[in-house]
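Written below as structure tokens is the structure these notes are about.
The values are calculated or read from the model by the stated rules, or taken from the named source; none is laboratory data. Owing to the predicted nature of the structure, the values given are computational and were not obtained by experimental measurement. We place every Cβ from the backbone using ideal geometry, glycine too, and count neighbours over all the protein chains shown. All accessible areas refer to the heavy atoms of the entire protein, side chains included, with ligands and DNA or RNA removed. Shrake-Rupley method; radii C 1.70, N 1.55, O 1.52, S 1.80 Å.
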Amino acid sequence: MNDKELAQKIVELIGGNGNIVSVRHCATRLRIVVSDKEKIDTKGVEVLDKVKGSFFNSGQYQIILGTGLVNRVYDEVIKITGGADEGQTGGAKEEKVVYGNKFQRAIRMFSDVFVPIIPVLVATGLFMGLRGLLTQEAVLSIFGMTSEDVPQNLIVFTEVLTDTAFAFLPALVCWSTFRNFGGSPVIGIVLGLMLVSSSLPNAYSVGSGEAQPLVFFGFLKVAGYQGSVLPAFATGILASKFEKWLRKHVPDAIDLIVTPFITLLVGVVLGLFVIGPILHMVENGVLWLVENLLFLPMGIGGLLYGCFGQLLGIFGIHHILNFLEISMLAQDGWNYLNPIGTCGNVAQAGAVLAVALKAHSVKTKQIAYPSCLSALLGITEPAVFGVNLRFVKPFVMSMIGGGVGGFLASNFHLRATGMAITGIPGTLLYLNEQLPIYILVNVITFAVAFILTWLFGFNSKMENQ
């Protein structure tokens, strides 16, 4: 059976072209939204040659085909259905049939946006972890070297590997958001790049005090969104919907010129002057809260930050805490935030490993296992957006694990000698009498998140909801 015949058979067995609302695919699965799931002949689909299984999840009938094959079959299905793809403009069908409650649909929407960009985040996490390990003085000293002995060109090369994905993260998020909400992905890429334009002050530099934001109209502070998620996500949703509206109202003769022009103009104005300033106020509020929370007595501050601090990463505002870490290091040479933040990352790793071991879905395992390693190296986005937040309960269990770790870290008075690395690479910030305690706290954190997720946070039935 060739790709075209397989695609035709799949369309037949899921109720024909008339039952298909939209078609998408991820790395291994064909994901189809149907009008009536009762028309699907599941057994018939699963006995097809080259089909490795199927399941129904959050309103999508997902057929496991494997890497490479899924792309080819998807192309053939699109030809048969005439473009039933939410990511295409023009021939796309509107998805009127929805399954699950509003919260489940919101989580699915968030997951759909982030799943396509997870592979590059995993790769970047590995690059960051390796760079953090190999460029520390303690490691270099083993080879009789210091940081001054490392060639500048090599440092620049490692920066290309580690900084690119996160520096242009808004472009990736905007691209995926446009793709999922029916806009033109290329417009999403350009809009995302505008949010991190080199003409704007760098967000990290502003956060550390090295640069000042631009001031418009005498009061509106504007900077880039390097490393941010929520501004690009919100801008992408609004701009893609606006583009779809324009397509329906702009005459075909001038659509090619007018629609992209107006979409980008309105999108960047919203992103820089409306969404950005609102989130800036949120960031300032979070900074004040964390400063007052961290040093609450009896480890309460560590417990609360270790638990709820993980939510900052979801909204893309965790980088504002760089300023707080820099201030701590400048005052007395210690970073009290790092050990608690590390517990949050390690807890995500523990939770996602439990999911990986219990999951039946090959795709879930493919994402979860490398996400565990990435989280242990300090990059939690793949674990959070690809697995834990998608299933909700594992994320809750990781919050509990992070809270336990934060509580212990505060009571043991753990403090780092630097910043910017956590997890396994972060061990190098505790190469003193604290090292055994640092390892103990993180082992306990990992174990708590893993056990809670294993017992209460995940089961294979959740993959089919």
Those residues of segment 418-439 which are modelled with pLDDT of 85 or more, open to solvent by 50 Å² or more (accessible area, probe 1.4 Å) and touching a Leu at 6+ places or on another chain (Cβ under 8 Å) amount to 424, 437
Selection from segment 168-204 of residues open to solvent by 30 Å² or more (accessible area, probe 1.4 Å), of a type outside the set (Val, Ile, Thr) and in a helix (DSSP H, G or I) yields 172, 175, 179, 181, 185, 193, 194, 204
Pairing a residue in segment 347-360 that is open to solvent by 10 Å² or more (accessible area, probe 1.4 Å) with any residue that is of a type in the set (Asp, Glu), where Cβ atoms lie under 8 Å and the two sit 6 or more apart in sequence or on different chains, gives 360/463
Expected single match for farther than 22 Å from residue 9 by Cα, hydrophobic (A, V, I, L, M, F, W, C) and modelled with pLDDT under 80 among 157, 114 is 114
Counting only residues in segment 327-384 that are part of a helix (DSSP H, G or I), at pLDDT below 85 and among the small types (Gly, Ala, Ser), the one nearest to the chain's Cα centre (by Cα) is identified as 327
Note on segment 43-60: residues within 12 Å of residue 11 (Cα to Cα) and either open to solvent by less than 10 Å² (accessible area, probe 1.4 Å) or without any contact (Cβ under 8 Å) to a residue 24 or more places away in the chain (or both) are 45
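Every residue, every condition in (1) more than 30 Å from residue 392 (Cα to Cα); (2) under 26 Å from the mean Cα position of the chain (by Cα), yes or no:
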site: 20; (1), (2): no, no
site: 29; (1), (2): no, yes
site: 38; (1), (2): no, no
site: 45; (1), (2): no, no
site: 77; (1), (2): yes, no
Over segment 23-52, the set of residues under 17 Å from residue 79 (Cα atoms) and basic (Lys, Arg) is 24, 31
**OP:** Taking residue 396 as the residue in question, decide whether it is open to solvent by 10 Å² or more (accessible area, probe 1.4 Å), more than 25 Å from residue 418 (Cβ to Cβ) and of a type outside the set (Lys, Arg).
**Re:** yes
Sole miss for residue 208 among (1) open to solvent by 20 Å² or more (accessible area, probe 1.4 Å); (2) polar (S, T, N, Q); (3) within 16 Å of the chain's Cα centre (by Cα) is condition (3)
* Is there a residue in segment 421-434 that is among the small types (Gly, Ala, Ser) and in contact with a strand residue (DSSP E or B) (Cβ under 8 Å, 6 or more places away or on another chain)? -> yes
Selection from segment 220-245 of residues surrounded by fewer than 16 Cβ atoms within 10 Å (Cβ to Cβ) and either at pLDDT 90 or above or among the β-branched types (Val, Ile, Thr) (or both) yields 241, 245
Just one listed residue, out of 135, 146, 158, 162, is within 19 Å of residue 382 (Cα to Cα), open to solvent by less than 70 Å² (accessible area, probe 1.4 Å) and out of contact with any Cys (no Cβ under 7 Å at 6 or more places or on another chain), and it is 162
Checked 299, 316 against criteria (farther than 12 Å from residue 419 by Cα, open to solvent by less than 10 Å² (accessible area, probe 1.4 Å) and either modelled with pLDDT of 90 or more or part of a helix (DSSP H, G or I) (or both)); the one match is 299
